[in-house]
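> Attaching a single structure in structure tokens format; questions to follow.
The values are calculated or read from the model by the stated rules, or taken from the named source; none is laboratory data. The structure displayed is predicted, hence computed values, not measured ones. In this analysis, Cβ positions are derived from the backbone assuming ideal geometry, glycine residues included, and neighbour counts consider all displayed protein chains.
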Amino acid sequence: MTDLTPHGTEPAKLGYSPVADIPHALRVSDTDPAAAKRAERQIASMFLLSMILVVVFIVAFCTIDKDTNVYIPVFGEVGFLTIVLGLTSGLSILLIGTGAIQWAKKLMPDVEVVQMRHEMTSPQDATDEAAANYERGKDESGFARYTIIRRTLIGAMALFPIPVIFLLRDLWSSPESGTLTPDEILSHTIWKKGERIVVDATYLPVRPQDLPIGGLVSAVPASLKEVQEAEGNLNARGKSAIILVRMDPKDIVAQQGDGWDYQGIVAYSKICTHVGCPIALYEQRTHHLLCPCHQSTFDLANAGAVVFGPAARNMPQLPIGVDSEGYLIAMDDFNQPIGPSFWERG
Ligand code: FES
């Protein structure tokens, strides 16, 4: 419906349906005070329940052990605390929203308000001026006159996006093309049997006695420097960075392979399995490794299992031992791709 009054005027009608002249139907709560009272109590109960859930949230946060897991079909082992916190906070906000909707539907004024909109087209003099400006610009730029320039410009603009399509090629690969899939790229690092583990930055080899219980060292393969210089980029570093952590062997609950530790020293990838942030925040009492990006937490005493946060996979473990000179070495490469999940990951 269009109002032909000049721009800026805002005529409004109350209690009138613009679609059809349908008589306005009153709600039960408009006519029955008892029903209105009932609605008021229902809505207040929702807000009250929401408050109770917040209290339950706080109590659960302070009392439930965050290492307690429950088994849920389809999802598998899930942290009990995570479930309780999610349910209480989710239901609490849901009840506030539902209560607000019920309040608006049952008790707030039920009057239709129509605001007429003004004419959308521009005044004729403004349209004429815009058309004149366009014509003048066309003449002054010579766009119509210089035919070859115009055509070559159109050709250049049409071809310009095509390189983007070629860049998309990196998102897939095939054996025939000879390019590596993400799976192939991330499944292998430069770690191999016998590769010495050295301290990141100093490249000093590490002996088991250098690492006290509770200690953590950021480490890389001894050959990293050489590989980096040859490749001219940091890809090998990004994939092979690890952390070494020493704990009491009695504290180790599980590992990703039998005997992958050395006297309580375990080595795990430093790259978060969520979206790949480097991690080195370690809590020695719980043996938890915390990612600063989105708070994924991994239990290094339990095969790098995810105990909290959005990461969906264990932190990959590197099997380690010592060489004849007593320095820590890798016993193999990782047995799974490092870093975030991707579509080809099994
Ligand atoms: S990158 Fe580690 S939790 Fe997101």
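> (1) modelled with pLDDT under 95; (2) farther than 22 Å from LEU204 by Cα; (3) among the acidic types (Asp, Glu): which one isn't true of GLU229, the others all being true?
Looking at each condition in turn, GLU229 falls short on (2).
> While we're looking at this one, here's another question. Would segment 276-293 turn up any residue that is surrounded by fewer than 22 Cβ atoms within 10 Å (Cβ to Cβ), touching a residue at least 60 places away in the same chain (Cβ under 8 Å) and near the ligand (Cβ under 9 Å from one of its atoms)?
Scanning segment 276-293, I find at least one residue that is surrounded by fewer than 22 Cβ atoms within 10 Å (Cβ to Cβ), touching a residue at least 60 places away in the same chain (Cβ under 8 Å) and near the ligand (Cβ under 9 Å from one of its atoms), so the answer is yes.
> Hey, could you check segment 306-329 for residues that are aliphatic (A, V, I, L, M) and within 13 Å of the ligand (Cβ to nearest atom) and say which is nearest to TRP191 (Cα to Cα)?
MET315
> Which ones in segment 155-200 are at pLDDT below 90 and of a type in the set (Asp, Glu)?
Of everything in segment 155-200, those that are at pLDDT below 90 and of a type in the set (Asp, Glu) turn out to be ASP170, GLU176, ASP183, GLU184.
> Among the residues in segment 141-154, are any modelled with pLDDT under 85, among the charged types (D, E, K, R) and in the same structural domain as GLU40 (by TED's automatic domain parsing)?
no
> Spot the failing condition for VAL113; the list is (1) without any contact (Cβ under 8 Å) to a residue 60 or more places away in the chain; (2) of a type in the set (Val, Ile, Thr); (3) touching a strand residue (DSSP E or B) at 6+ places or on another chain (Cβ under 7 Å), and only one is missed.
Of the numbered conditions (1) without any contact (Cβ under 8 Å) to a residue 60 or more places away in the chain; (2) of a type in the set (Val, Ile, Thr); (3) touching a strand residue (DSSP E or B) at 6+ places or on another chain (Cβ under 7 Å), the odd one out for VAL113 is (1).
> Let me ask another. Between GLY214, GLY194, which is in contact (Cβ under 8 Å) with a residue 40 or more places away in the chain, closer than 25 Å to THR68 by Cβ and over 28 Å from the mean Cα position of the chain (by Cα)?
Every option except GLY214 fails the conditions.
> Identify the residue in segment 294-304 that is under 19 Å from the mean Cα position of the chain (by Cα) and in contact (Cβ under 8 Å) with a residue 24 or more places away in the chain and, among all such residues, is nearest to VAL245 (Cα to Cα).
Result: PHE298.
> Right, another one. What's the number of the only condition in (1) more than 23 Å from ASN69 (Cα to Cα); (2) within 14 Å of the ligand (Cβ to nearest atom) that ARG246 fails to meet?
Going through the list (1) more than 23 Å from ASN69 (Cα to Cα); (2) within 14 Å of the ligand (Cβ to nearest atom), ARG246 breaks only (2).
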